[in-house]
Amino acid sequence: MTDDYSYDYEYLFKIVLIGDSGVGKSNLLSRFTRNEFNLESRSTIGVEFATRTVEIDGKRVKAQIWDTAGQERYRAITSAYYRGAVGALVVYDISKAESYESVSRWLKELKEHADANIVIELVGNKSDLDHLRAVPTDEAKNFAAENQLLFTEASALNAENVDLSFHQLLKSIYDMVSKHQFDMNDYSSQAPSKGPTVDLTPKQNEEKSSKGNNCC
Amino acid sequence: MSQIYLNLNSLQFGIKSNYKSIIIDPRSNLYNLTYPLSLINNSKLIINKTFNLNSIAQNEQINASLSRFNKFKKILLTSNSIIDLNNLKKLSWNGIPMEFRSISWQLLLNYLPSNNDRRASTLKRKRKEYLDSINQLFNNSNDGPIKDQTTWHQISIDVPRTNPHLKLYSYPIIQKSLERILYLWAVRHPASGYVQGINDLSTPFFQVFLSNYLNLDNNKNSLDNFDPSNVNQDILNAVEADTFWCLTKLLDSIQDNYIHAQPGIIRQVNELKDLIYRIDIELANHLEKEGIEFLQFSFRWMNCLLMRELSIDNIIRMWDTYLTEGINGFSEFHIYVCAAFLVKWSDELKQMEFQDIMIFLQNPPTTNWTEEDVGVLLSEAYVWQSLYKNASAHLKSHS
């Protein structure tokens, strides 16, 4: 896969980044979108935004990523951003058991506020802190499998698996969208600035017609 | 006054020798002041410890600074039994010279009594009350409080990332202070509790009050070279208690910003939107066309009072003015400041698409902003406020 940061794209996927405060969501995002890591980053207030365009199966896919504040008080504000998201990264810190224990709460949040078909990836961040590990890889991996989540461990600090986790999520969304045989022109012809455009829930008639076309 | 000789040796860096009397009554800080620090340290004016004033403009600038300096001195060192707060407000709107800032802020917040006879006793009482509460809360141990682990956890991960670009906040002794301030406030305000961003709001107070005990020059990085590790505990206790009480006063005026669902912020964001539709309809239409929602970019402006968008020195100058606006400075005047702030970038924004607008507004180019830029912003906000405040409800079509 080759990437670049230009403005042309064929798909626009809205992604949300959620998880407990301090697990490193903002640094995962800045590592992915700008290849930057900031040890002295401030806490995220409300929601912050970044994008990057990557190539998947020869198509240019733009990820529009909304990074949310982890604190409970912001939930009312941030959950509004789940609407229209086609992917979510649920992040925990492999050295903080509590942040992993919160994952089911975050999944519940998604269930309540996000689209039913949203693709979810569980990301164990700070894999560079292996000596302080509090969450065994296998445990998280099994949990992910049981809950139909993608899974990676990554490190925003040393960049390990950061691109991989985003690409894996985007690829999975792409596959899902392709499988559903949506009319891609619906997404690509719209003004790119209009924000999230891919709807994962096929409308009744679209579903029928896509089944009809599925004969080959 | 074409030549003024200054003894620059008196400007040594460190704790002021009369710190004990400043703790008792901050007015003791003012008696020895002779010249404005802003003039003494203006490098353009210093030539071998002498300055020659050639240009008329420089002369005027210096005269204006001297005149403001003397006015502040006169108001604050009045021989009357009561400091005239109305005059202090009028004068402070255009900015408070740094040597008068700490006492002026505390007076404007009604923390410090304007009555000369009550000042020392009130301060003593408030600081004791704070210290007692802290001792009670932390049970005289250093193991951290046990009462509310969630809040304590949130505070303890946020304090180290508070103003991380400023060295002062990296010292453990300062971080411990902020933790205590924030935790006590949270415990005393259960409807809101600690909300991220409140940590930011404590720092202008802390910094201004601490500076009051230091021989600082007017160089804005000077506090960054200051190591607080060995500062006298009485000074830190006073600064910490004063910060707590003043932060409490400030937050009282914006408590709806931090309670469940943050209705105060939602209201402010809607008012900002409404204002922009009246002030700059082209910009408002463009933002709408691009699918930008005001909440997406201005939530943080309200939640942190623009502290993420402007340097702390700029914010401190801004608060000089906010504090003169009384109880509504931070909840209402701030919206007009945000409007002026947004409209400032109108030309650029109108050329941009959704994602560029978002990214621009998350990181607006204010790095080189000076006090003068902030002064202009505040004046613009003042104009919008006089034009649109209390405007008829029928004009509100977009909120």
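The values are calculated or read from the model by the stated rules, or taken from the named source; none is laboratory data. Remember, predicted model here, so these are calculated numbers, not experimental data. Note that we place each Cβ from the backbone using ideal geometry, even for glycine, and neighbour counts take in every protein chain shown. Side chains included, ligands, DNA and RNA excluded: accessible areas come from the protein's heavy atoms. Shrake-Rupley method; radii C 1.70, N 1.55, O 1.52, S 1.80 Å.
Can you confirm whether region A:110-121 contains a residue that is of a type in the set (Asp, Glu) and more than 23 Å from A:Phe37 (Cβ to Cβ)?
Step one: filter region A:110-121 for residues of a type in the set (Asp, Glu), giving A:112, A:115, A:121.
Keeping just the survivors that are more than 23 Å from A:Phe37 (Cβ to Cβ) gives A:112, A:115.
There is at least one residue in region A:110-121 that is of a type in the set (Asp, Glu) and more than 23 Å from A:Phe37 (Cβ to Cβ).
Could you tell me which numbered condition A:Tyr9 fails, if it satisfies all but one of (1) open to solvent by 30 Å² or more (accessible area, probe 1.4 Å); (2) closer than 25 Å to B:Ala186 by Cα; (3) in a loop (DSSP other than H, G, I, E, B)?
Condition (2) is where A:Tyr9 drops out.
So in region A:32-89, with the set limited to residues that are under 15 Å from the mean Cα position of the chain (by Cα) and among the charged types (D, E, K, R), which one is farthest from A:Ser172 (Cα to Cα)?
Looking at residues that are under 15 Å from the mean Cα position of the chain (by Cα) and among the charged types (D, E, K, R), I get A:Glu48.
For region B:231-239, does any single residue satisfy the condition of being in a helix (DSSP H, G or I), of a type in the set (Asp, Glu), in the same structural domain as B:Lys128 (by the TED database) and open to solvent by less than 10 Å² (accessible area, probe 1.4 Å)?
Taking region B:231-239 as the starting set, the residues that turn out to be in a helix (DSSP H, G or I) are B:233-239.
Next, from what is left, pick out any that are of a type in the set (Asp, Glu): B:234.
Checking the rest, the ones that are also in the same structural domain as B:Lys128 (by the TED database) come to B:234.
Subsequent filtering for residues that are open to solvent by less than 10 Å² (accessible area, probe 1.4 Å) retains none.
Checked region B:231-239: no residue is in a helix (DSSP H, G or I), of a type in the set (Asp, Glu), in the same structural domain as B:Lys128 (by the TED database) and open to solvent by less than 10 Å² (accessible area, probe 1.4 Å).
A quick yes/no check of all residues on (1) closer than 23 Å to B:Asn390 by Cβ; (2) touching a residue at least 24 places away in the same chain (Cβ under 8 Å); (3) within 14 Å of another protein chain (Cβ to nearest Cβ); (4) in contact with a Phe, Trp or Tyr (Cβ under 8 Å, 6 or more places away or on another chain):
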site	(1), (2), (3), (4)
B:Ala261	no, no, yes, no
B:Val269	yes, yes, yes, yes
B:Leu295	no, yes, yes, no
B:Ile312	no, yes, yes, no
B:Asn328	yes, yes, no, no
B:Ala340	yes, yes, no, yes
B:Val343	yes, yes, no, no
B:Lys350	no, yes, yes, no
B:Asp373	no, yes, no, no
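Given the options B:Ser311, B:Ser298, name the one that is touching a Leu at 6+ places or on another chain (Cβ under 9 Å) and of a type in the set (Gly, Ala, Ser).
Values: B:Ser311 fails: touching a Leu at 6+ places or on another chain (Cβ under 9 Å).
Being touching a Leu at 6+ places or on another chain (Cβ under 9 Å) and of a type in the set (Gly, Ala, Ser) holds for just one of B:Ser311, B:Ser298, which is B:Ser298.
Please verify whether B:Ile335 is in contact with a Ser or Thr (Cβ under 9 Å, 6 or more places away or on another chain) and either at negative phi or of a type outside the set (Gly, Ala, Ser) (or both), treating the condition exactly as stated. Talk me through it step by step, then tell me what you get.
Numbers: in contact with a Ser or Thr (Cβ under 9 Å, 6 or more places away or on another chain): no; either at negative phi or of a type outside the set (Gly, Ala, Ser) (or both): yes.
Against the criterion (in contact with a Ser or Thr (Cβ under 9 Å, 6 or more places away or on another chain) and either at negative phi or of a type outside the set (Gly, Ala, Ser) (or both)), B:Ile335 does not qualify.
For A:Lys25, indicate whether it is under 25 Å from B:Ile266 (Cβ atoms) and touching an Asp or Glu at 6+ places or on another chain (Cβ under 7 Å).
yes
Name the residue that is nearest to the other protein chains (Cβ to nearest Cβ), counting only residues in region B:149-206 that are on the phi > 0 side of the Ramachandran plot and under 19 Å from the mean Cα position of the chain (by Cα). Before the answer, list the steps.
Step one: of region B:149-206, the residues on the phi > 0 side of the Ramachandran plot are B:163, B:193, B:197.
Retained after the next criterion (residues that are under 19 Å from the mean Cα position of the chain (by Cα)): B:163, B:197.
Values: B:Asn163: 8, B:Gly197: 5 Å.
Per the stated criteria, the residue is B:Gly197.
Read through the list (1) surrounded by 20 or more Cβ atoms within 10 Å (Cβ to Cβ); (2) within 14 Å of chain B (Cβ to nearest Cβ), then give the number of the only condition that A:Val135 fails.
It is condition (2) that A:Val135 fails.
If we keep just the residues of region A:17-47 that are open to solvent by less than 40 Å² (accessible area, probe 1.4 Å) and among the hydrophobic types (A, V, I, L, M, F, W, C), which is nearest to the other protein chains (Cβ to nearest Cβ)? Quick ask: steps written out before the conclusion?
Taking region A:17-47 first, the residues open to solvent by less than 40 Å² (accessible area, probe 1.4 Å) are A:17-33, A:41, A:43-47.
Still in the list and also among the hydrophobic types (A, V, I, L, M, F, W, C): A:17-18, A:23, A:28-29, A:32, A:45, A:47.
Values: A:Leu17: 15, A:Ile18: 15, A:Val23: 10, A:Leu28: 16, A:Leu29: 12, A:Phe32: 15, A:Ile45: 4, A:Val47: 7 Å.
The selected residue is A:Ile45.
Could you give me the residue pairs with C-beta distances under 8 Å whose first residue belongs to region A:57-84 and is of a type in the set (Asp, Glu), whose second residue is part of a loop (DSSP other than H, G, I, E, B) and open to solvent by less than 20 Å² (accessible area, probe 1.4 Å) wherever it lies, and which are 6+ apart or on separate chains?
A:Asp67/A:Thr44
When you check B:Glu179 against the structure, is it over 27 Å from B:Met302 (Cα atoms) and either in contact with a strand residue (DSSP E or B) (Cβ under 7 Å, 6 or more places away or on another chain) or among the acidic types (Asp, Glu) (or both), yes or no?
Working: over 27 Å from B:Met302 (Cα atoms): no; either in contact with a strand residue (DSSP E or B) (Cβ under 7 Å, 6 or more places away or on another chain) or among the acidic types (Asp, Glu) (or both): yes.
Against the criterion (over 27 Å from B:Met302 (Cα atoms) and either in contact with a strand residue (DSSP E or B) (Cβ under 7 Å, 6 or more places away or on another chain) or among the acidic types (Asp, Glu) (or both)), B:Glu179 does not qualify.
For the subset of region A:65-90 comprising residues that are out of contact with any helix residue (DSSP H, G or I) (no Cβ under 7 Å at 6 or more places or on another chain) and within 7 Å of another protein chain (Cβ to nearest Cβ), which member is surrounded by the most Cβ atoms within 10 Å (Cβ to Cβ)?
That would be A:Arg73.
From the list A:Lys126, A:Lys14, exactly one residue is surrounded by 22 or more Cβ atoms within 10 Å (Cβ to Cβ), among the basic types (Lys, Arg) and within 30 Å of B:Asn163 (Cβ to Cβ). Which is it?
Working: A:Lys14 fails: within 30 Å of B:Asn163 (Cβ to Cβ).
Going through A:Lys126, A:Lys14 in turn, the sole match is A:Lys126.
Table: residues versus (1) in a loop (DSSP other than H, G, I, E, B); (2) open to solvent by 90 Å² or more (accessible area, probe 1.4 Å); (3) touching a Lys or Arg at 6+ places or on another chain (Cβ under 8 Å); (4) among the charged types (D, E, K, R).
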{"site": "A:Tyr100", "(1), (2), (3), (4)": "no, no, no, no"}
{"site": "A:Glu109", "(1), (2), (3), (4)": "no, no, yes, yes"}
{"site": "A:Ala116", "(1), (2), (3), (4)": "yes, yes, no, no"}
{"site": "A:Leu122", "(1), (2), (3), (4)": "no, no, no, no"}
{"site": "A:Ala140", "(1), (2), (3), (4)": "no, no, no, no"}
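Of the numbered conditions (1) under 27 Å from A:Glu10 (Cα atoms); (2) more than 14 Å from chain B (Cβ to nearest Cβ); (3) open to solvent by 60 Å² or more (accessible area, probe 1.4 Å); (4) out of contact with any strand residue (DSSP E or B) (no Cβ under 7 Å at 6 or more places or on another chain), A:Lys59 satisfies every one except a single condition; which is it?
Of everything listed in (1) under 27 Å from A:Glu10 (Cα atoms); (2) more than 14 Å from chain B (Cβ to nearest Cβ); (3) open to solvent by 60 Å² or more (accessible area, probe 1.4 Å); (4) out of contact with any strand residue (DSSP E or B) (no Cβ under 7 Å at 6 or more places or on another chain), A:Lys59 misses just condition (4).
Restricting attention to region A:18-43, report how many residues are within 21 Å of B:Cys304 (Cα to Cα) and part of a helix (DSSP H, G or I).
Adding up the residues that qualify gives 3.
Residue check, B:Asn215 against (1) more than 19 Å from A:Arg73 (Cβ to Cβ); (2) out of contact with any strand residue (DSSP E or B) (no Cβ under 8 Å at 6 or more places or on another chain), all met but one. Which one?
Tallying (1) more than 19 Å from A:Arg73 (Cβ to Cβ); (2) out of contact with any strand residue (DSSP E or B) (no Cβ under 8 Å at 6 or more places or on another chain), B:Asn215 fails exactly one: (2).
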